[in-house]
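Accompanying notes for the structure given below.
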Amino acid sequence: MMEEASGLKKALDGGGFVITAEICPPRGSDTAGFLAKARLLKDRIVAANVTDNQRAVMRLSSLACSVLLLREGVEPVFQMTCRDRNRLAVQSDLLGAWVLGIRNILALTGDHVSFGDHREAKAVYDLDSVQLVHTVDVLNHGKNLKDRALGNGTGFFLGAVVAPGAEPFEPEWIKFRKKVEAGARFFQTQAIFDMERFKRFFDDAETFGAKILGGILLLKSAKMAHYLNSNVPGVKVPRELVEELEKAPEGGAQLEKGIEIAARQVKELKGFCHGAHIMAIGQEESVPKIIAMA
Amino acid sequence: MIITKKKAAQDILKRLKGKKTVHLFGCGSCAEQCRTGGERELVEMAAMLRDNGYEVTGSSLLDETCYNQLVRKEYRTNPAAGRADAVVVLACGAGVKTVASNADETQPILPALDTTFLAVVESQGRFFEGCSLCGECVLDSTGGICPHTECPKGLLNGPCGGVANGMCEVNTENECAWVRIYSRLKKQGRLALLMEYSPPKDHSAGIRPRKLCLR
């Protein structure tokens, strides 16, 4: 297992359309639900992202849950944020992840603690996301951040995040290019709803050589779409989609409509993009259906 | 300018339990300007303490309470200060610390304020954090806008994914510091600076306590 390379990299290099999805670790130490979701996604996706105290809410460690996925035969993408670790902990956890068999890293800034359930906590951000990408790249070259040779370093397939819908876009675009220069080889994007705009971004971004998986967020209800529009930065659910959801009766029917929309978006991505990254946020059991319909 | 805010009365009273006489120190510099440690606040504090059964034996409003010499002189020339059971200081942490290092070690020195930030004084009574005292100034490459201070995450290589129409997701009434840096550098024809990789900050420049000795 130790010598195995990233299956995600292999799949993306192979040129096929690659699907990943994210799973959120449990709040406590009962992993049954998490593992059930993993089994459900196994063999239907290439890799599963494990979120890292997403929205700054304390949960079971993303590193530990990534290892649990490995044991289930699901390839993990270990998400690492800059919020909770200084540069010593970052490097140490990365080395730990490598020796435990994790091959994919997704480097993120991390939501601010003021959004989470431990608002009094010190937000670390000793590194930012570009510096985190650089750190993984340095370890991949057998050194640490102090340029000290490590004997053996890591060989992670290194990913980062980009928000193709950011407004204004140019600072985000510059940051995307910095991440590529720092060593990012694949990108999972924030939720896309404006496919034409995303296509333009993709066409430009692709020329930098990185692989791009378009982020698809499952809209579970019209209420959720409204919530996203008023509370989540950089996410704009267009009115047509909100209306489409609203036409379905509340409850299961709206979820079915959301699944249909997500499947349609994945299908659109299949026409031009390297892959799709499905974020079902607690509704992972719907992911196989989205994939089947796409 | 150092910004301070008043502690709750009960937090001060809690530490005064068992004491009878109290001396007050104010500060005629920053604390007076942000209305936490001037003449008026000393009068209010004295009234509050008397209402709660303490005898206020006097108060000293120094020009700058963070000046060792001024505090030392006050203790020497005003014996009431040294005789009180406890001292309550209406100044920033540096002021409290200066009083504490001049008082007899047996005399408890209590802060009446919380010290919050180093401010730009926009106009009278309006203060905004302008500098984090990080010891490694980057304003040369950020158009005069400090990413350590004005970005809640202190990011050094551009905005996070939380920008919504140019606004910060943490302080939603503020424009994103990195969007402002971007706009400023664009106007200066220096956008190329944004493409430069900023390495992680050198925190060894700020190991505490810091000092400067000119002689």
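Couple of notes before you dig in:
- Interface residues of segment B:179-197, defined as those losing at least 20 Å² of solvent-accessible heavy-atom surface relative to the isolated chain (probe radius 1.4 Å), are listed as B:V179, B:Y182, B:L191, B:L194, B:M195, B:Y197.
- Look at the stretch A:128-135: the mean tally of other chain Cβ atoms within 10 Å of its residues' Cβ atoms is 5.
- Computed over the Cα atoms of segment B:39-194, pair by distinct pair, the Kirkwood hydrodynamic radius stands at 19.0 angstrom.
- Put simply, chains B and A cover up around 2400 Å² of each other's accessible surface, both sides summed, when a 1.4 Å probe is used.
- In sequence order, segment A:172-179 has phi-based couplings of 5, 5, 4, 5, 4, 5, 5, 5 Hz under the Karplus curve 6.51 cos²θ - 1.76 cosθ + 1.60, θ = phi - 60°, and Gly or Pro positions carry x.
- Across A:K9/A:K267; A:K42/A:K179; A:K223/B:K201; A:K37/A:K178; A:K178/A:K270; A:K37/A:K223, pairs whose alpha-carbon gap is larger than 32 Å: A:K223/B:K201; A:K37/A:K178
- Partner chain coverage, peptide A:119-125 - average Cβ within 10 angstrom: 2
- Distance between the pseudo-spin-label points of B:S101 and A:E206 (7 Å out from Cα toward the beta carbon): 6.5 nm.
- Antiparallel DSSP beta bridges within the protein assembly as shown, as percent of all bridges there, nearest 5: 20 percent
- Here's how it looks for B:V89: its modeled amide H is under 5 Å from those of B:F25, B:L110, B:A112, which are all 5 or more places away or on a different chain.
- Each of A:G33, A:P76, A:V90 was placed along the dipole of segment A:20-94 (beta-carbon charges, centred on the mean Cα), and the one lying farthest toward the positive end is A:G33.
- Share, in percent, of DSSP beta bridges within chain A that are antiparallel, nearest 5: 5 percent
- Carbon and sulfur %, accessible surface of chain B computed with the full protein complex present, 1.4 Å: 50 percent
- Per residue, chain A reaches -12500 deg cm²/dmol at 222 nm when only DSSP H runs of four or more residues are counted, each adding -39500 (n - 2.57).
- Computed over segment A:191-276: relative contact order in percent, which uses C-alpha pairs under 8 Å that are six or more apart: 39 percent
- Across segment A:40-46, coupling constants 3J(HN,Hα) worked out from phi with the 6.51/-1.76/1.60 Karplus curve, θ = phi - 60°, read 5, 8, 3, 6, 9, 10, 7 Hz, and Gly and Pro carry x.
- Accessible surface, segment B:134-206, averaged per residue in Å² (probe 1.4 Å): 46 Å²
- Around the Cα centre of segment B:2-116, unit charges on the Cβ atoms of Lys, Arg, Asp and Glu (plus for the first two, minus for the last two) sum to a dipole of about 260 debye.
- The H on the amide N of A:A276, modeled in the peptide plane, is under 5 Å from the matching H of A:V18, A:I19, A:T20, A:G214, each at least 5 residues off or on a different chain.
- Taking the square roots of five times each eigenvalue of the Cα gyration tensor of chain A, the equivalent ellipsoid has semi-axes of 29, 21, 20 Å, listed largest first.
- Using only the C-alpha atoms, the convex hull of segment A:147-237 corresponds to 128 Å³ per residue.
- Label-to-label distance for B:R210 and A:E250 is 5.5 nm, based on points extended 7 Å past Cα in the beta-carbon direction.
- Apportionment of accessible area to carbon and sulfur, chain A, percent (1.4 Å): 51 percent
- Interatomic Cα distance distribution for segment A:1-134, bins of 5 angstrom, percent: 2, 11, 20, 22, 21, 14, 8, 3, 0, 0
- Threshold 40 Å² - residues in segment B:148-169 whose accessible area is reduced by that much or more when the chain is no longer isolated, probe 1.4 Å: B:K153, B:L155, B:N157, B:P159, B:G161, B:E169
- Under conditions of 20 °C and 1.002 mPa s, segment B:134-206 yields 170 µm² s⁻¹ as its translational diffusion coefficient, taking Rh as the Kirkwood radius over Cα pairs in the Stokes-Einstein equation.
- As a ratio to 2.2 N^0.38 Å, the alpha-carbon radius of gyration computed for the protein assembly as shown takes the value 1.19.
- Under Karplus coefficients 6.51, -1.76 and 1.60, residue-wise ³J(HN,Hα) of segment A:22-28 in Hz, glycine/proline x: 10, 10, 9, x, x, 6, x
- At a threshold of 40 Å², the residues of segment A:156-178 that become less accessible to a 1.4 Å probe in the full protein assembly than in their chain on its own are A:E167, A:P168, A:E170, A:P171, A:I174, A:K175, A:K178.
- Taking every alpha-carbon pair within segment B:2-116, the share separated by more than 19 Å comes to 35 percent.
- Two-decimal Rg to Rh for segment B:162-202 - Kirkwood Rh, Cα set: 1.05
- Only aspartates and glutamates eight or more places from A:K220 in sequence, or on another chain, were considered; those with a Cα closer than 19 Å are A:E22, A:D194, A:E240, A:E243, A:E244, A:E246, A:E250, A:E256, A:E260, A:E284, A:E285.
- Segment B:99-170 and segment A:1-68: distance between their alpha carbon centers, rounded to Å: 39 Å
- DSSP beta bridges in segment B:2-116 [antiparallel fraction, %, rounded to 5]: 20 percent
- Accessible surface, per residue, of segment A:1-83 when the full set of protein chains is kept, probe 1.4 Å, Å²: 43 Å²
- Residues in segment B:2-116 average 53 Å² of solvent-accessible surface per residue, probe 1.4 Å, ligands and nucleic acids excluded.
- Residues of type aspartates and glutamates that B:K5 reaches as a straight line, Cα spacing below 15 Å, ignoring anything fewer than 8 places off in the same chain: B:E32, B:E41, B:E44, B:D114, B:E129
- Cα Rg over Rh - segment A:88-198, Kirkwood: 1.01
The values are calculated or read from the model by the stated rules, or taken from the named source; none is laboratory data. Just so we're clear, the structure is a prediction, and the values are computed from it rather than from any experiment. Note that each Cβ is placed from the backbone with ideal geometry, even for glycine, and that neighbours are counted across all protein chains shown. The protein model used for the area step is the full one, side chains on, heavy atoms only, and it has no ligands, DNA or RNA in it. Shrake-Rupley method; radii C 1.70, N 1.55, O 1.52, S 1.80 Å.
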